[in-house]
Structure formats: C-alpha cells, structure tokens
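Below: one structure, written as structure tokens.
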Amino acid sequence: MCSMCSMGVFRRRPVRVIAAIPAFLLLLLAGYGLWTVYDNTLTPASLDQGTSANPQPSPLGVLSLTAERALKAYGGEAAWKGATTVDSTVTVGGLLFQLKGLGIPAHARITVDIQRPHTVIQPVDAAGDVGMLDGFSVTILSPSGTILDQRTDVRDHLQNASITTRWDRLNLVYFLGYAFWSYYTLPYQLMRPDIEWTELSDGLLQADYGTNLPVHSRIQRFWFDRHTGLLRRNDYTPVAAARDARAANVVFEHAVSNGIPYTSKRRVKMSLGQYGWVLPFPDFITIDVERWQLR
C-alpha cells in the first residue's frame, strides 16, 4: 500500500514540474519586459525629446544651440582645435565579437588622430601585433613593425552579410579603428566642414557624414543631455558588422581627464526599430575606457 502511494507521489512530481514551466517562462518574460521599460525610461537610453526645432542643416561654420552646448561641455573649441591626438587604454567585449569570432585583448592601447581618420590599436591579438586604420585602408604590423597584412579599401571586402558572418583580422581592425576614431573625436566633428549637422530638436542632432569618412553609417543621431551637454546615446547602422542591424550606443558613465570629460562606459544594444527602444540584454558591445588623454 505504502509502495503504491510512493509511486503515485513520484508520478505526480514530473507533472507538477511541467505545469510550473509556463508560469516560470511567463514570469521571465514579464521580468524582461519590466527591464526593457526601465532601460528605456530611467537610463541614458531613454529618448528624451526636447523642444522641436526647424530641421534645417546648420550653415557651414555655425553651431546649433545643442552643438554649441555639447562642444562647451567637452572642453570647448580651443581645447579641441589645439589638440592632435587622443590616447587611451580600453577594454572591449560583448556578444558581437563572439559571433564574429575575433576580438582584441583587454587593456589595449588605442590612439586616434583628431583631425583625420587614423587609429592605432595595440595589440590586436595575443601575439602583440598592431592594427592601424588610415582612412579606408587597414594594416596589421608585427611588434617590430613588419607589415603582416594590408587592405587598401576595406569597403570592398566587408564581411557583413549577417551579424554572425565571421570577420578576418583586417575587418576587425577596420571596425574598431573607425568606431573609436568616431567616438573619441565627436566634439571636434561638430566643427568639421565635411559633416552636415542638423538639430532635430533641443538635445538631438543628426549627422550626415557623406561618403568620404569611415564611420558606422552615413546618417547617425546623437542625443545629448539638455542640461549638461554631455552625450547620452548615439544611434546608427553598423554596416561593417551587419547591413541591416540597428544599434544604440548608450553612454552610462563619463570620467574626466585634465578637466576634459570623456565617455568612460558605453554599452551598445540592439534597437527594436530605427531610433527606437533598446533591448536591455544582451550587450552587443561593451566599452570600458580605463585611461583617456587629449594631447
């Protein structure tokens, strides 16, 4: 009798476990939904729209109110026109590099030229090789300076059919090289005559980079804090990674170096739609800047 009772209890347990699975999944989905709402309303990812402006490109040499406020927040015109490079130590990670099959070691040194798209990444692998972007050309050198590989125009060889299409080292260097040049030199870009800036509303700028600069996508949007002038979010299509992806580069922290603020913690997330809400998980790219210096 007791043996039969035990068998009945044993049989009921799997049934109870199976019955609990939908409830667990529903709870998990609700939690992710709440996380999504939190990320898009109470963090820098939220799309804080200011007063609408007349969406006309700024005349050459004239900064809009948002651009002027941002440039001042990041040290001012004199600081950026008087500098030549940004030198940094940074750790880059995230799901994208796992999907692409390549990444760079932690605590890499990344140096960019402010006035032209030129980036040096050291190292790009465990062997200590160095990656260099110069415009649309990419070179990989040994620690002693010997050229190991080179591509004159990476745009003709993009490995971007999908987010899971594997990269070779030259595509990795191209992606990171132009990305960090763009991130680090944003204040100077506000003054460049070859970038067309449009203030869509107070705190929101749209950039048209044309076709002569290596960037994520020709058209990008930038949300700035309307009080501090600091960058909060940058949306684009990372064409070198995937042609149809929608990315939101969210700034979670700033630090200060010699009186100049810089973005020290970024998380790149996938957007539900162009310039829309972001998915809180996973982080496709994580960027943690450990040292940053304007020179």
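The values are calculated or read from the model by the stated rules, or taken from the named source; none is laboratory data. All values reported here derive from a predicted model rather than from experimental measurement. Glycine gets a Cβ as well: all are built from the backbone with ideal geometry, and neighbour counts include every protein chain shown. When the accessible area is computed, the model is the full protein with side chains, heavy atoms only, and any ligands, DNA or RNA have been set aside. Shrake-Rupley method; radii C 1.70, N 1.55, O 1.52, S 1.80 Å.
Summary table
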item	result
Probe 1.4 Å, all protein chains present, accessible-area order of K265, K100, K81, largest first	K81, K265, K100
Candidate residues H227, H254, H107, H216: accessible-area rank, largest first, probe 1.4 Å	H227, H107, H254, H216
Square roots of 5 times each gyration tensor eigenvalue, C-alpha, the stretch 167-214, largest first, Å	25, 11, 10
Residue-normalised accessible area of the stretch 154-248, expressed per residue, 1.4 Å probe, Å²	34 Å²
Distribution of pairwise C-alpha distances over the stretch 89-220, 5 Å bins, in %	2, 10, 19, 22, 19, 14, 9, 4, 1, 0, 0
Residues in the stretch 69-93 reached by a label modelled at R109 [backbone nitrogen below 12 Å; 7 Å Cα→Cβ]	87-90
Within-12-Å neighbourhood charge of G276 [Cβ basis; K, R +1; D, E -1]	+3
Peptides ranked, highest mean first, by Cβ atoms within 10 Å: ranges 239-249, 112-122	239-249, 112-122
Ranking by accessible area, most exposed first, for E290, E199 with a 1.4 Å probe	E290, E199
Computed accessible area, I163, all protein chains, 1.4 angstrom probe, square angstrom	40 Å²
Shape of the stretch 132-191, Cα gyration tensor, a/c cut at 1.5	oblate
By average C-beta atoms within 10 angstrom, highest first, the peptides 271-280, 87-96	87-96, 271-280
Per principal axis, descending, Cα span of the stretch 143-238 in whole Å	47, 32, 22
Förster radius 25 Å - calculated FRET efficiency between H227 and E253 (Cβ-Cβ, nearest 0.05)	0.90
Value of D in µm² per second that Stokes-Einstein yields for the stretch 168-295, Kirkwood Rh from Cα pairs, at 20 °C (1.002 mPa s)	140 µm²/s
Trypsin sites (Lys or Arg not before Pro) restricted to the stretch 134-230 and DSSP loop, no more than 12 other C-beta within 10 Å	R166
